[in-house]
1. Below 8 Å between Cα atoms, with a sequence gap of 6+, how large is the relative contact order for segment 110-348 in percent?
2. Compute the helix-to-body angle for 227-240: its Cα long axis versus the longest principal axis of the chain, expressed 0 to 90° and rounded to tens.
3. Where nothing but the Cβ of Lys and Arg (+1) and of Asp and Glu (-1) is charged, how large is the charge dipole of the chain around its Cα centre, in debye to the nearest 20?
4. Would you mind computing the Rg to Rh ratio of segment 110-348 from its alpha-carbon coordinates, Kirkwood style for Rh?
5. What is the helix-to-structure angle for 277-286, meaning the angle in degrees between its Cα long axis and the longest Cα principal axis of the chain, kept from 0 to 90 and rounded to the nearest 10?
6. Using the Kirkwood radius built from alpha carbon pairs, what does the Stokes-Einstein equation give as D for segment 6-97 at 25 °C and 0.890 mPa s, in µm² per second?
7. Rounded to the nearest 10 degrees, what's the angle between the helix 189-200 long axis and the longest principal axis of the chain, both from Cα atoms, 0 to 90?
8. Using the structure shown, list the pairs from 163/213; 271/301; 197/271 with a Cα-Cα distance above 18 Å, or answer none.
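FYI, it's all coordinate maths here, none of it is from the lab. If you're wondering where the values come from, they're calculated on a predicted model, not measured in any experiment. Glycine gets a Cβ as well: all are built from the backbone with ideal geometry, and neighbour counts include every protein chain shown.
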Amino acid sequence: MTAGSVSRDNVAGFKLHDIDWHGIADRVIWVPEVYRRGTLDERTVRRILRCTERSLATLRESGLTPVKGEAGTRYDACDIRNAALYSGTGATEVEAAMRPVLSRVRGRASTPLSHRHWSYHLSISAPDPATGAEYAVHPPSDGTDAEGEVTLTNGQRPRRSGKRILVPGGTAIRGVIRTSASSAELLSPTISGVVDKFLESGFRWHFVPAELKHDPQAASAVGMGNCEMLSLVLCDQLTAVGLAAEIYRGWVAGVRAMPHCWIEVYDIDGKPKIIDPGVLTIAKYLGPLEATDYRSLIGTKLEVIIPTRCTLQESIATAITHRANFPCDVRFQCVAVPAGDAGTRRHQ
């Protein structure tokens with residue numbers, strides 16, 4: 001049966017598929033054994049993959065390695081998510097979550113959008129919110145006036161400190177940002193050469209275990225990484241040849257907003273050009289290439305990526321106390337709104 005064949009089997013009410021895993025070993029890099037953790041049972045795996053028991057057995061034959069322990073047979077969450085992403089069915093839980101990006105790299109967007117408006121809510125997760133700390137936060141922004149008005153959930157307007165805004169404890173940020181799709185041709189043959197070499201090296205965007213994120217050399221050795229790791233590798237290669245490059249943080253809008261990173265490198269015309277190794281590597285392996293030349297995405301900014309001017313060396317939110325400053329986690333949520341509703345949603 002093919003990737004789109006539907007079985008009567010079901011898990012939690014979902015229709016399941018007999019997925020054709022042929023060639024999966026050429027697309028997915030399995031998590032190295034030392035980092036592999038068995039956290040998902042078979043029922044959860046089949047729900048994520050939307051696949052039948054027979055299909056899961058075929059996936060094991062194609063390279064998926066289960067972890068056996070006292071709790072029985074379990075699977076590594078990253079292995080399953082990566083198999084889902086590269087399954088090509090369009091029906092897995094992971095593909096649904098990443099559909100905004102996948103629709104761009106697969107060339108399936110019905111109408112290419114030049115810009116979009118997003119209503120967002122950004123809350124701060126601090127270890128001890130009762131300390132009365134003030135938070136310095138990088139709001140969504142592309143460095144222009146396109147980010148729109150930013151307000152606080154207490155009804156006040158925030159004070160600004162450079163690129164950041166100051167937020168009192170227990171308060172969240174809300175606003176509207178306008179994102180635009182654009183493309184800028186690379187002029188420097190040096191930049192093009194470095195990027196081409198990176199793409200030809202076989203690096204692939206993958207979900208990566210937390211332990212492996214702290215071991216970039218090991219991740220580089222097997223050729224896998226998330227957007228942050230891939231950006232670090234490519235940025236190091238760009239700066240090694242004397243180019244001025246910086247990594248910035250933001251989110252990819254979708255079913256849920258996912259943290260994202262990309263590179264801005266200065267071209268010979270003095271302008272920064274966007275290089276997004278995460279999008280590029282996804283496009284290379286999930287094109288399909290006969291319909292999409294992934295290299296055409298070099299220098300391209302997608303309207304589904306919500307940017308900040310926060311560099312990778314910084315935290316999007318930092319708690320400021322009388323004793324010390326420390327980074328905090330943030331929760332970012334957004335929803336697309338019609339341009340005419342942007343002003344209304346901004347105040348909701």
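1. 31 percent.
2. 70
3. The calculated dipole for the chain is roughly 920 debye.
4. On the way: Rg = 18.7 Å, Rh = 19.1 Å.
So for segment 110-348, dividing Rg by the Kirkwood Rh gives 0.98.
5. Tilt relative to the chain: about 30 degrees.
6. 187
7. For helix 189-200, the angle is close to 40 degrees.
8. In this structure, 163/213; 197/271 exceed 18 Å between Cα atoms.
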